[in-house]
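Written out below as structure tokens is the structure these notes cover.
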Amino acid sequence: MFDTLSGRLQGALGDLRKRGRLDEEAISRAMREVRLALLEADVNFEVVKDFVAKVRERALGQDVRKSVTPGQQVVKIVHDELTELMGSGDSRLAFASRPPTVVLLAGLQGSGKTTAAAKLGLLLRKEGRKPGLVAADLKRPAAIDQLEQLGRELQVPVFSEERADPVAAATQGVERAREEGLDTVIVDTAGRLHVDEELMDELVAVRDATRPTNVLLVLDSMTGQDAVRVAEAFAERVAFDGVVLTKLDGDARGGAALSVKAVTGRPIKLASVGERLDQLEYFHPDRMASRILGMGDVLTLVEKAEAAVDKDEAEEMERRLMKGEFSFDDFLRSYKMLRRMGPLQGVLKLIPGLGSQLEGLDEVDERQLARVEGIVLSMTPQERRFPHVIDGSRRQRIAKGSGTTVQQVNQLLEARKQMAKMVKQMGKGKMPALPGQPVQNGPTRSATKKRKSKRKKKTRR
Ligand SMILES: Nc1nc2c(ncn2[C@@H]2O[C@H](COP(=O)(O)OP(=O)(O)OP(=O)(O)O)[C@@H](O)[C@H]2O)c(=O)[nH]1
Ligand SMILES: [Mg+2]
């Protein structure tokens, strides 16, 4: 996501970070780089001008000059301003006090409306709501099929009226959803090639008939500034409450995400970060700013983990880990949890300090995980629980059974050992060091302090 922008911004600020003191010249140079990086990412020209002026002014201010870490301060300012730019407001949807809440999705052809409708249905269902989908796109014959198929896959009911006009289809759909006791209704509308009058009128009519709680404009982030211009044109005709930004997994440069709020005054509410149906997230400007600056996104990581991990399973595992056990069954289980959290590379990027080191890490892929699974499954239950019994001949047998080499089996045995060690440390309150990060271990440091002060007291006596 925004890899080029991210790399260039980190490059521009990296030099400042290392310096003990900042002069105007260094700041000016960094700001020139930031400006170029943003323009290259297809961010709106006016937006860039404003942004750089604000950061520059704050960077030259007293707070930074007096700081012991001026470079870090500037990075923080950039982070704050990026957050502000993408909207510091609330990314949540509005919910009607009397259900159903109606969410109307509008946007150009192919921007991702139908997919986003289905993904939003899944997201809401996971939150414990009862969502339904309404097909109000009668322009394309296959549109209803597409929505129905997605609904079936996700077990979200779909309401469609083949012969009605869009306004009738939408109203009847919402009505039927209400009758069935659903609390959120997502209305998928017809796409338009460009902002044309006829379809705009249709959209306005559908809106007036269904009185949506949220009108969301779906924008394809790959189209950069075009997306922003589309948003401007929509805003003139159909007031929308927020934006759904799609295809952030493609080679989107970031322009749309960074400009749309400033240009239209409407916040991004949701972002689609991948093709899989569970890859729609609420948009958090501060977290996005952290990701862009390579600072990781621990909050999203924690949320993903919570969603992927079965609580009982995790507690059971924790209990055993605390006792110092870490069998291959545990190993396999944690691998599987990681897998449930989505494509590995995406997950790893959320870890602070790791993002920028992931170049060429495409090889950490599903195949590798499958191999690990194969090796563990070739072990006997006893071997999985007590890995120390795995001697040379057993290693050979396991390699044969899993279609791998003894060397690969050895690697895995070593990996488990390392992980067990790490887990043991964590059990004692130490944080394992992440690659590229200095060791930071809160509890232990204070423990050493205590010990030191005790010693001092002793010597005083
Ligand atoms: N990679 C990726 N592809 C996406 C994403 N969202 C949608 N797509 C793809 O984009 C194409 C268009 O998506 P649709 O949801 O059909 O778009 P639409 O706005 O409903 O299109 P119309 O109904 O024709 O106006 C499909 O091939 C989707 O699979 C995304 O977040 N990432
Ligand atoms: Mg569609």
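Taken together, ARG125, ARG140 contain a single residue that is within 12 Å of ligand 2 (Cβ to nearest atom) and within 26 Å of VAL185 (Cβ to Cβ), which is ARG140. For the stretch 92-101, indicate whether the set of residues that are in contact with a Phe, Trp or Tyr (Cβ under 8 Å, 6 or more places away or on another chain) and more than 16 Å from ligand 2 (Cβ to nearest atom) is non-empty. Yes: the stretch 92-101 contains one or more residues that are in contact with a Phe, Trp or Tyr (Cβ under 8 Å, 6 or more places away or on another chain) and more than 16 Å from ligand 2 (Cβ to nearest atom).
Of everything in the stretch 112-122 that is of a type outside the set (Val, Ile, Thr) and more than 17 Å from LEU203 (Cα to Cα), the residue that is farthest from ligand 2 (Cβ to nearest atom) is LEU122.
If you check LEU245, LEU332, LEU277, LEU299 for being farther than 30 Å from ALA209 by Cβ and modelled with pLDDT of 70 or more, only one passes: LEU332. Per the conditions (1) aliphatic (A, V, I, L, M); (2) away from ligand 2 (no atom under 16 Å from the Cβ); (3) modelled with pLDDT of 90 or more, the sole criterion not satisfied by LEU108 is (2). Which one of these is surrounded by fewer than 24 Cβ atoms within 10 Å (Cβ to Cβ) and among the aliphatic types (A, V, I, L, M): VAL238, VAL185? Going through VAL238, VAL185 in turn, just one is surrounded by fewer than 24 Cβ atoms within 10 Å (Cβ to Cβ) and among the aliphatic types (A, V, I, L, M): VAL238. Only one entry of LYS269, LYS261 meets the criterion of being at negative phi, more than 16 Å from ligand 2 (Cβ to nearest atom) and part of a helix (DSSP H, G or I), and that entry is LYS261.
Report yes if THR171 is modelled with pLDDT of 90 or more, away from ligand 2 (no atom under 12 Å from the Cβ) and closer than 30 Å to VAL228 by Cβ, otherwise no. No. Residues that are outside any helix (DSSP H, G or I) and of a type in the set (A, V, I, L, M) were ranked within the stretch 272-293; the one that is surrounded by the fewest Cβ atoms within 10 Å (Cβ to Cβ) is LEU277.
In the stretch 62-83, the count of residues that are loosely packed, with under 15 Cβ neighbours inside 10 Å, of a type in the set (A, V, I, L, M, F, W, C) and not assigned by TED's automatic domain parsing to the domain that holds PRO267 is one or more. Selection of the stretch 186-213 for residues being within 13 Å of ligand 1 (Cβ to nearest atom), assigned to a loop (DSSP other than H, G, I, E, B) and within 20 Å of LEU133 (Cβ to Cβ) yields ALA190, GLY191. Residues that are assigned to a loop (DSSP other than H, G, I, E, B), within 16 Å of ligand 2 (Cβ to nearest atom), in the same structural domain as GLU197 (by TED's automatic domain parsing) and over 18 Å from THR189 (Cβ atoms) occur at least once in the stretch 244-253.
Listed here are the helices (runs of 4 or more DSSP H) enclosed by the stretch 20-104 that have at least 2 residues being in contact with a Leu (Cβ under 7 Å, 6 or more places away or on another chain): 24-40, 45-59, 70-86. The number of residues in the stretch 7-17 that are surrounded by fewer than 18 Cβ atoms within 10 Å (Cβ to Cβ) and closer than 12 Å to VAL74 by Cβ comes to 3.
Say whether the condition of being more than 15 Å from ligand 1 (Cβ to nearest atom), in the same structural domain as TYR282 (by TED's automatic domain parsing) and part of a strand (DSSP E or B) is met by at least one residue in the stretch 153-166. Yes: the stretch 153-166 contains one or more residues that are more than 15 Å from ligand 1 (Cβ to nearest atom), in the same structural domain as TYR282 (by TED's automatic domain parsing) and part of a strand (DSSP E or B). Counting just the residues of the stretch 225-239 that are within 15 Å of ligand 1 (Cβ to nearest atom) and of a type outside the set (Asp, Glu), which one comes out nearest to ASN44 (Cα to Cα)? Per the stated criteria, the residue is ALA227. For residues in the stretch 106-138 being in a strand (DSSP E or B) and near ligand 1 (Cβ under 8 Å from one of its atoms), which is surrounded by the most Cβ atoms within 10 Å (Cβ to Cβ)? If we take residues in the stretch 106-138 being in a strand (DSSP E or B) and near ligand 1 (Cβ under 8 Å from one of its atoms), then GLY107 is surrounded by the most Cβ atoms within 10 Å (Cβ to Cβ).
When ARG229, ARG211 are screened for being closer than 12 Å to LEU108 by Cα and of a type outside the set (A, V, I, L, M), only ARG229 passes. Just name the residue that is farthest from GLN279 (Cα to Cα) out of those in the stretch 139-151 that are surrounded by fewer than 24 Cβ atoms within 10 Å (Cβ to Cβ) and in contact (Cβ under 8 Å) with a residue 12 or more places away in the chain. Looking at the filtered set, the residue picked out is LYS139. The residue list ARG445, ARG451 contains one member that is surrounded by 11 or more Cβ atoms within 10 Å (Cβ to Cβ), modelled with pLDDT under 55 and outside any loop (DSSP other than H, G, I, E, B), which is ARG445.
The values are calculated or read from the model by the stated rules, or taken from the named source; none is laboratory data. Note that this is a predicted model, so its numbers are computed, not measured. Note that each Cβ is placed from the backbone with ideal geometry, even for glycine, and that neighbours are counted across all protein chains shown.
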